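The next block holds one structure in the form of structure tokens; read it before the comments.
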Amino acid sequence: MILPIVAYGDPVLRKKAAPIAKDFPDLDKLVDNMFDTMYAASGVGLAAPQIGKAIRLFVVDATPFADDDDLTEEEQARLKTFKKAFINPEIVEETGDEWAFNEGCLSIPGVNEDVFRCPNVKIKYQDLEFNEYIEDFDGLLARVIQHEYDHIEGILFTDKLSSLKKRIIKSKLAAISKGKTNAEYRMRFPDKKMR
């Protein structure tokens, strides 16, 4: 089922998300719905707060990045098959010299800016059966994971911009929260006036 994506300005995007218990109802169905929602919006990652749920869950499918000719064949192969749900994730370590990459967000349509992040991340997480893993990711995978992880910490990519960039996009962000955007997917807006 395709769910509406919560727009910038909704308080749920600023909450630190709560852990998910093993008895969480219909978790597999929620994960399926999140993948469906993400695909419908042409995204590569989606965190639970973006569908209005302040829980520690995000999904990633990096397949669209696999076509990038700037990547090595090994990176392309890894991205081509990378589809995963991260339950109760916790970043253990971020390492390496930060690098810039132009990021966007399904909750902030039409806004893309360069964000600096570490190239390597070590993350502890659980799968749908609550088996625990600790894995290292690098490059674009590390970046997508860090972006989605920020969502469950109540952080948006716009928080990482310079004060000048923040001033430049301030009116765009205000417009998005009021529903003034041309997103090609269903959204839920915090400040849109009901008619």
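The values are calculated or read from the model by the stated rules, or taken from the named source; none is laboratory data. Model, not experiment: these values are computed from the prediction. Counting neighbours? That spans all protein chains shown, and the Cβs are built from the backbone with ideal geometry, glycine included. All accessible areas refer to the heavy atoms of the entire protein, side chains included, with ligands and DNA or RNA removed. Shrake-Rupley method; radii C 1.70, N 1.55, O 1.52, S 1.80 Å.
Give the shape of the chain as rounded, prolate or oblate, defined through the alpha-carbon gyration tensor: a ≥ b ≥ c are the square roots of its eigenvalues, a/c under 1.5 means rounded, and otherwise the shape is prolate if a/b is larger than b/c and oblate if not. It comes out oblate by the Cα gyration axes. Computed from backbone phi, the HN-Hα couplings of segment 89-105 come to x, 8, 6, 8, 7, 10, 9, x, 6, 4, 9, 8, 8, 6, 10, x, 8 Hz, rounded to whole numbers (Karplus: 6.51 cos²θ - 1.76 cosθ + 1.60, θ = phi - 60°; Gly and Pro given as x). By the rule of a C-alpha distance below 22 Å, with chain neighbours fewer than 8 residues away ignored, the lysines paired with K160 are K15, K16, K122, K170, K172. Where both bridge residues fall in the chain, DSSP classifies roughly 90% of the beta bridges as antiparallel.
Here is the list for segment 55-98: GluC sites (Glu not before Pro) lying in DSSP coil, each with at most 12 other C-beta atoms within 10 angstrom of its C-beta, are E98. Rounded to the nearest 20 debye, the dipole magnitude of segment 1-106 is 840 debye, with +1 charges on Lys and Arg beta carbons, -1 on Asp and Glu beta carbons, and the Cα centre as origin.
Accessible area per residue for the chain, computed on protein heavy atoms with a 1.4 Å probe, is 53 Å². When the helices of the chain are scored as -39500 (n - 2.57) per DSSP H run of n ≥ 4 and the total is divided over every residue, the value at 222 nm lands at -8000 deg cm²/dmol.
Where the accessible area of segment 89-155 is counted over protein heavy atoms with a 1.4 Å probe, how much of it, in %, is carbon and sulfur?
43
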